[in-house]
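Report on one structure; see the data block that follows.
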Amino acid sequence: MREAEFQRTQYGVTRTYRMRRLDDPPERTEAVNFFETVGEIPWLHSAINLPEFLHGLPIEEANEYLSHHPIREEYSCLVLWEGELIHDDDLRCIEHLPELEIVRLHSDNITDAGVSHLRYLRQVDVFELYSSRVTDVCLDVIRQLRTIRLLDLQGCRQLSRGRCEEVARELGVQESWLPETHAEPVAAPDPALS
């Protein structure tokens, strides 16, 4: 376990939380290290998920609680825009970060095989993929990401627009940017009108 501090300012008051973080299994540590070191800027962002009730306790009591209840560090966002550095096999690391909520991948080195590793994501809210090498086959994996509300596939020139629209409709996506749609997002159709 390791010690960590986190500051939160609310209503002009800054509170410093002191907590213990659980050590990650080696596979997860390897995944985090990879995504934090690929490219010049680390694009893996951690999320501080403290239990909400702690914010109502005096800071001493909150820190006492945290000293007895270690927390696993979670990550909310992965952005990989330095495309030449990312390949299909690199995406296998995502299996160990299923809590990601925002995933933005820009790489022409990503194919359908790379997208298959994304099936482990269980909370992804925003999904963006730019790759000229993915085909409609990858849509079967994207279809499994049941929590997507914003879908951007406009950089995937080999995807058929009709299949993308079908997946967006099936998932209940609120906004989408699909191949050949470069201006405004497409609003989700009203299910009552279907």
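The values are calculated or read from the model by the stated rules, or taken from the named source; none is laboratory data. Only a predicted model underlies this, so the values are computations on that prediction, with no experimental measurement involved. For neighbour counting, all protein chains shown are included, and Cβ atoms are generated from backbone atoms with ideal geometry for every residue, glycine included.
From Ser116, Ser67, Ser46, grab the single residue that is under 23 Å from Leu171 (Cα atoms), among the hydroxyl-bearing types (Ser, Thr, Tyr) and without any contact (Cβ under 8 Å) to a residue 60 or more places away in the chain.
None of the other options fit; the residue is Ser116.
Quick check on the range 77-98: of everything there that is acidic (Asp, Glu) and surrounded by 15 or more Cβ atoms within 10 Å (Cβ to Cβ), which residue is farthest from Cys156 (Cα to Cα)?
Glu95
Where residues in the range 1-41 are surrounded by 14 or more Cβ atoms within 10 Å (Cβ to Cβ) and part of a loop (DSSP other than H, G, I, E, B), which of them is modelled with the lowest pLDDT?
Per the criteria, the residue is Gly39.
Which one of these does Asn49 not meet: (1) loosely packed, with under 14 Cβ neighbours inside 10 Å; (2) assigned to a loop (DSSP other than H, G, I, E, B); (3) touching a helix residue (DSSP H, G or I) at 6+ places or on another chain (Cβ under 9 Å)?
(3)
How many of the residues making up the range 5-55 are of a type in the set (A, V, I, L, M, F, W, C) and under 25 Å from Tyr65 (Cβ atoms)?
Number of matching residues: 9.
Tell me which of these Asn63 doesn't satisfy, since it passes every other one: (1) in a strand (DSSP E or B); (2) touching a Lys or Arg at 6+ places or on another chain (Cβ under 6 Å).
Unmet condition: (1).
Exactly one condition in (1) under 22 Å from Gln7 (Cβ atoms); (2) in a loop (DSSP other than H, G, I, E, B); (3) among the small types (Gly, Ala, Ser) is not met by Ser132; state its number.
The failed condition is (1).
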